[in-house]
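Before any comments, here is the structure.
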Amino acid sequence: RKLRNTKNIWFRRDTAQQAELEQKHAQLRELNLNNHAQKRELNVNTSESDLENLETVSICGRPTMMGTASDLALLQNFEEADTCPGENSNKLLLLQGQDQRLFGRTGNNLIEFLHALQYARDHDVQLGIVSNSWAFEMLLKMWMSVKDDDWEVQFEEAFCIKIFNSQDETETQGYELLFPELTVTEDFTKQLFLYQSERSLVEYIGHQAQYLQTLFRNYNTGVGTTESGEPVRDMCSGIKALFGDNKNAIYSVVHSRSLEEAGNTLLGRLSKFSGCDPEAALHMTPDYVKSILEPLGLLDYPIVLITDGQDFAVIQRLLNDPEIAPKLRLFFEGGTWVG
């Protein structure tokens, strides 16, 4: 029953060797620092005309760096056959359950979905999703809303996922359910969250970049519904409320969370590996915020505050600071939502 003892490793212990963690961090830093050099020196298997015609990902009318030539240069060693995993397998990793209690909130749940996609790719198994599951509830509120009759086909093709109406349907189609012992949704989603791919770093980044780009090429704009028929909201409503039609706004974001008092434990654990202060990111004092924004030249631009509302002292301290207060942007009550 201990999944880490199975042939296909589901997750690693939290006590993974420090050397391995530092090596991955070093690889990430190397990729970031050498990005410009890679754009110049690496051979990309794409013609110049194709590069010129690349369509970058635009979110809320604002261009991003996703989908550009630099992406191809960064991932030039990433090659993957243009096929879906599990096409010749009867093993099924199924996302199901409507339990209110999952492992974490929206951010964790998104990671769990991305890890499920990665697991299916790593182990060449079919990924399935039950139409009324937690995964659909989370995804369709923000991405790929139901707009027409063939939305299921579009969703399945976009993510190499098979949609089922119930677990019984998987049995009639001859699938063998993976990890049937994990009957509690919270336990299952926790293992998804903890899963670590054995792929190389470049391959892992390549896969995850594809999944994220697919999502953000299909973000909701207030048109369509969720699978249950609930109207979706506009993912751009927040930035529109702050900056209107200004597509060139420069701003920073302060994300303040208390994590239901679990923040001290989580940051304390991270500080052992990173050497970072175990409390500063929770308190978000003005000096801490300014020490980050000033070297970047961002104290001259709007500072957007996003908070879980559990520590109003953070807001009050920032509003009382003479340098930060004039630049601080707060959302009006009722004008925010999870998307």
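Observations on the structure shown:
- Condition met for Lys190 (open to solvent by 30 Å² or more (accessible area, probe 1.4 Å) and part of a loop (DSSP other than H, G, I, E, B)): no
- So Leu305, is it modelled with pLDDT of 80 or more, surrounded by 16 or more Cβ atoms within 10 Å (Cβ to Cβ) and in a loop (DSSP other than H, G, I, E, B): no
- Check on Arg217, under 19 Å from Arg62 (Cα atoms) and among the charged types (D, E, K, R): yes
- Pairs, first more than 20 Å from Ser291 (Cα to Cα) in the range 262-279, second loosely packed, with under 14 Cβ neighbours inside 10 Å and at pLDDT below 80, C-beta under 8 Å, six or more apart: Phe273/Gln18; Phe273/Leu21
- Residue count for the range 204-228, restricted to those that are in a helix (DSSP H, G or I) and in contact with a Phe, Trp or Tyr (Cβ under 6 Å, 6 or more places away or on another chain): 2
- Residues in the range 73-110 that are farther than 14 Å from Arg121 by Cβ, surrounded by 17 or more Cβ atoms within 10 Å (Cβ to Cβ) and at pLDDT 65 or above: Leu92, Leu94, Leu95, Gln96, Gly97, Leu102, Phe103, Asn109, Leu110.
- Lone unmet requirement of (1) open to solvent by 70 Å² or more (accessible area, probe 1.4 Å); (2) modelled with pLDDT of 95 or more for Ser197: (1)
- Output for the range 144-172, where each listed residue is exposed (fewer than 12 other Cβ atoms within 10 Å of the Cβ) and more than 14 Å from Ser131 (Cβ to Cβ): Asp148, Asp149, Asp150, Glu157, Thr172
- Selection count where residues are open to solvent by less than 10 Å² (accessible area, probe 1.4 Å) and out of contact with any Ser or Thr (no Cβ under 6 Å at 6 or more places or on another chain), scope the range 112-129: 8
- Search result, residues across the range 274-296 that are charged (D, E, K, R) and either open to solvent by less than 50 Å² (accessible area, probe 1.4 Å) or farther than 19 Å from Thr307 by Cα (or both): Asp277, Lys290, Glu294
- Helices (runs of 4 or more DSSP H) contained entirely in the range 81-182, each with at least 2 residues that are closer than 22 Å to Asp234 by Cα: 106-123, 134-140, 151-159
The values are calculated or read from the model by the stated rules, or taken from the named source; none is laboratory data. What you are looking at is a predicted structure, and each value in this text was computed from that prediction instead of being measured. Cβ: placed from backbone, ideal geometry, glycine included. Neighbour counts: every protein chain shown. Heads up: the accessible areas ignore ligands, DNA and RNA and are worked out on the full protein's heavy atoms, side chains in. Shrake-Rupley method; radii C 1.70, N 1.55, O 1.52, S 1.80 Å.
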